[in-house]
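What follows is one structure encoded as structure tokens, with my remarks underneath.
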Amino acid sequence: MRESTKMLLHYIAGVLIVVTGLIHLLANNDPGIGKLITGNVYLYLTNMAIFLAALLYHALNGVRVILIELVPDMCWTKLIGWAILLIGIATYIVGIQVLLMALGLV
Amino acid sequence: MGEREYLEYYALNRRGVSGWFRMRGYTIERKLYALHRITGILIVLFMLPHFYSTGWHPGIWWDALLGIIVTFHVANGVRLTLLELLGAGIGKPLLVKKPFQRPVSIEGRQRYLLALTVLLFIVLAVIWSYYAVIVKPLMGG
């Protein structure tokens, strides 16, 4: 994937985080609107699945950009990219599992 | 040093992290850039333990501080998205008038965008703090 495509996805993930993160914050902190969101388990779960994916991509891509800037070497850039991808996939699986357990679905 | 050597020298990034804090001779956007990186790293540091233990929170006042960090990152992120992704406020290309040309970002639409960013940050930080310090303890969380 080209670096420009990765950055385009970084911005799109950022916009997704603003929307889904707002829903997440309202669900957990607002007594009125929170009940409406947490009342529907599948709405909450879908929102969290998108939020988690967008947040992980945005955060780990941010870390990747900082690291490859600090170590500007093609070999290291590839290695960092693959390591970050694997960490991201593993964290997403664990995150979804924790979420399903918290909702009592597993 | 030729242009190519100059670019290669700077691509080596010899200053490392200390280069983020090189403010002298730059516009205010440089400070926002450094703060954006620092807040981003702090959010990642909060996020990872929060993933593994969903109920984990640092405490009421730390939650309010987290709010300031997150809302700054969001407000500046909105500015960057508008400016870099959508090209809002970039304007037309100008002829370079060396050596006294002021950076375009010092005046005009980009400066209004920056002011709006600060305003958005303050509004969001106040709302977050209200929820963290007043609403959340009433909910027993």
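The values are calculated or read from the model by the stated rules, or taken from the named source; none is laboratory data. The structure displayed is predicted, hence computed values, not measured ones. Cβ placement follows ideal geometry from the backbone for every residue including glycine, while neighbour counts extend to all protein chains displayed. These accessible areas exclude ligands, DNA and RNA; they are computed on the full protein's heavy atoms, side chains included. Shrake-Rupley method; radii C 1.70, N 1.55, O 1.52, S 1.80 Å.
Filtering the stretch B:14-35 to residues that are in a helix (DSSP H, G or I) and open to solvent by less than 40 Å² (accessible area, probe 1.4 Å) leaves B:16, B:19, B:20, B:29, B:32, B:34.
Against the list (1) within 12 Å of chain B (Cβ to nearest Cβ); (2) out of contact with any helix residue (DSSP H, G or I) (no Cβ under 6 Å at 6 or more places or on another chain), the condition residue A:24 fails is (2). Looking only at residues that are at the interface with chain A (Cβ under 10 Å from one of its Cβ atoms) and not aromatic (Phe, Trp, Tyr) in the stretch B:128-141, which one is most open to solvent (accessible area, probe 1.4 Å)? Ranking the qualifying residues of the stretch B:128-141, first place goes to B:138.
The number of residues in the stretch A:1-39 that are under 23 Å from residue B:139 (Cβ atoms), exposed (fewer than 13 other Cβ atoms within 10 Å of the Cβ) and polar (S, T, N, Q) comes to 0. Scanning the stretch A:95-105 turns up no residue that is open to solvent by less than 40 Å² (accessible area, probe 1.4 Å), of a type in the set (A, V, I, L, M) and more than 12 Å from every other protein chain (Cβ to nearest Cβ). Residues of the stretch B:81-117 that are assigned to a helix (DSSP H, G or I) and open to solvent by 100 Å² or more (accessible area, probe 1.4 Å): B:84, B:109, B:112, B:116. Restricting the stretch B:51-69 to residues that are open to solvent by less than 40 Å² (accessible area, probe 1.4 Å) and facing another protein chain (nearest Cβ under 10 Å) leaves a set whose member that is farthest from the chain's Cα centre (by Cα) is B:51.
Among the conditions (1) β-branched (Val, Ile, Thr); (2) in a helix (DSSP H, G or I); (3) modelled with pLDDT under 95, the only one that residue B:54 does not satisfy is (2).
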